[in-house]
Amino acid sequence: MSATGNPRNKVALKPGHSLMDWIRLGNSGEDLTGTGGAILQVTKEQLAQHSSEKDGWLCIRGNVYNVTRYMNFHPGGAEELMKGAGIDATNLFNKVHPWVNFESILKKCLVGRLTSAVDEEIFDIPSSSKKDKIIRENKITNSLSVVSDGLKVDWYQQQNFITMVVYLKELPRKLIISNEDPTELWIWINDRCVGFSLKQSIVWPPLLTVTDSKVEVKYTKEKANQWDDPCCLPGDSKEPLTTIPMVIDRIEHVNHNVFLIGLSNSKRITFHVPIGYHIPVKANINGTTLERNYTPVCGLDKKLSSDVNLLIKYYPDGVFSSWITSRKVGETVMIGHPVGNFSVGYLMKATHIILIAAGSGFTPMTRLVDWALARRNKVLEVKLIFFNKRVKDIIWKSELQTLVSNNQRFRVEHVLSEPDSSWKRTSGWITPQLLHSYIPEFSNEDPLRSFFICVCGPISFTQLTERYLQDMGYPNENYFCFRG
């Protein structure tokens, strides 16, 4: 598919120039930016100077990329990519495939921001008569002496809101935003910290948008007026948050032994949990500090109202599960920073996503389903193969059926190991024969039909499934196992 032009103009790529080869090159440590990794402010004049195949930059939605090394990896060929070289190629890109995650594909090629570009998702470019209503401080990075090299912050203002955009090289593993002190605003991204002194109050919580190239935080002002430029605070003056207090605002049975527990931020703190990551919940139980990891879920047929939602299975002999499922609404629990190594970038090439879950291993699949079905890619199909003992053990059975009824791209196959006589569908355990009935042998001969498989369940289930997938020829690049 072309990055800027006609999607039908595909070319045969040379051996060693597949998407996976491109990902490997990006992870090799080689500098694909040509700038030594520094994030630059690029003018249109500077962009125009890089318009050749041997030195090609292009701009998409305000981000400038060095696509010189990508030329031979581009499915539409170098000629097609060159249509956007040296210019703002946003309109060319949007006409063909605005759903393509260019930020993931080109993240290792990010040169910086086009200085004259304003992100369309933040606000419209004002007319000259309204320019006094907006502040854009392009040089704010110069005053952020505590920020590590490569991290750039833009600050925008209108009468009713403020937007801060932090530019990244990859999806943040840790993102926490705090306004506990109404006069200060702090943003922690991975091991870095950015602080601002606020002259007036903001409405909490902010609107947070996260991609693998930027974090956008939009705040509504309590009073609509013009603010002075922000004053930056030294990051080392603020202790990092190691745990976050959250209040239980919802606890209810989902089935006979699974609870839905909703958590809300108890203070003016908000944070982001990447898809596929889990969060450690901490507790002191009978004088012993314990910690368990749970994967946040999202609703399937309706939005859940809590800030964090957990599906937790109760075990009669489980000390931690017994403790947390017996809490009451209004009680406080402590959570740690999100943990994980999954990336939705793994799924970008797939036309078929297969989710294999057993029991509570269903939890990471909820956000994967939500992400996949929200994509505009109409050829992307999602199938959930859900293993349980009995019908009563199936989590959100009716919600899954509703989602299937409302979406032609989503299918569910239930497999029971201890069904009763009324069960007429598939029964048994995970076996090579069963997998073959749902998933074909691996093949890379058809580039228009690519499978990616996610697996989550008990350790023995996950290990067996991984072994069977390998026996079917699936390489590591085409599956991911969630573990512990």
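The values are calculated or read from the model by the stated rules, or taken from the named source; none is laboratory data. Keep in mind the model is a prediction, meaning the values are calculated, not measured. Because the Cβ atoms are built from the backbone with ideal geometry, glycine has one as well, and the counts that use them run over all protein chains shown. When the accessible area is computed, the model is the full protein with side chains, heavy atoms only, and any ligands, DNA or RNA have been set aside. Shrake-Rupley method; radii C 1.70, N 1.55, O 1.52, S 1.80 Å.
Worth a mention:
- Relative contact order for region 402-443: 25 percent, from Cα pairs under 8 Å spaced at least 6 residues apart, divided by residue count.
- The chain: relative contact order as a whole-number percent, Cα under 8 Å and 6+ apart: 10 percent
- Kirkwood Rh in Å, taken over region 282-437 so that all alpha-carbon pairs contribute: 17.8 Å
- For peptides 153-164, 101-112, sequence by mean Cβ density within 10 Å, most packed first: 101-112, 153-164
- Sparsely packed loop sites in region 428-477 (the GluC sites (Glu not before Pro) outside DSSP H, G, I, E and B with at most 12 other Cβ atoms within 10 Å) comprise GLU441, GLU445.
- Built from the Cα atoms of region 9-113, the convex hull projects on average onto 6.2 nm², one quarter of its surface area.
- Spatial separation of Cα centroids for region 253-329 and region 402-419, in angstrom: 25 Å
- Across the accessible surface of the chain, with the other protein chains kept in place and a 1.4 Å probe, carbon and sulfur atoms take up 49 percent.
- For VAL404 and HIS436, the difference between the fully extended length at 0.36 nm per residue and the C-alpha to C-alpha distance is 9.3 nm.
- The alpha-carbon of LYS174 sits under 13 angstrom from the alpha-carbons of these aspartates and glutamates, leaving out residues fewer than 8 places away in its chain: ASP191, ASP212.
- Shape category assigned to region 143-277 from the gyration tensor of Cα positions, a/c cut at 1.5: prolate
- Helical contribution to [θ] at 222 nm, DSSP H n ≥ 4, -39,500 (n - 2.57), averaged over the chain, rounded to 500: -4000 deg cm²/dmol
- With coordinates expressed along the principal axes, the C-alpha atoms belonging to the chain extend over 73, 57, 38 Å, beginning with the largest.
- Ignoring aspartates and glutamates fewer than eight residues from LYS302 along the same chain, the ones with Cα atoms less than 19 angstrom from its Cα are ASP249, GLU252, ASP370, GLU399.
- Here the peptides 358-365, 81-88, 20-27 are ranked by packing, the mean other Cβ count within 10 Å, and the order with the highest first is 358-365, 81-88, 20-27.
- Region 371-484, relative contact order [Cα under 8 Å, separation at least 6], %: 20 percent
- More than 19 angstrom apart: percent of Cα pairs within region 200-269: 64 percent
- Restricting region 240-303 to chymotrypsin sites (Phe, Trp or Tyr not before Pro) in coil, as DSSP defines it, with at most 13 other Cβ within 10 Å: none
- Take the Cβ atoms of LYS169 and ASP55, set R0 to 25 Å, and the FRET efficiency comes out at 0.70.
- Kirkwood hydrodynamic radius of region 365-484, Cα pairs, Å: 15.7 Å
- Of the cross-linked pairs LYS218/LYS267; LYS169/LYS218; LYS152/LYS303; LYS108/LYS349, those separated by over 28 Å at the C-alpha level are LYS152/LYS303.
- Global form of region 233-373, assessed from the alpha-carbon gyration tensor, a/c cut-off 1.5: oblate
- Per residue, the chain exposes an accessible area of 48 Å² to a 1.4 Å probe, with every protein chain left in place.
- Restriction of the trypsin sites (Lys or Arg not before Pro) in region 365-453 to DSSP coil positions whose beta-carbon has at most 11 other beta-carbons within 10 angstrom yields ARG376, LYS378, LYS424, ARG425.
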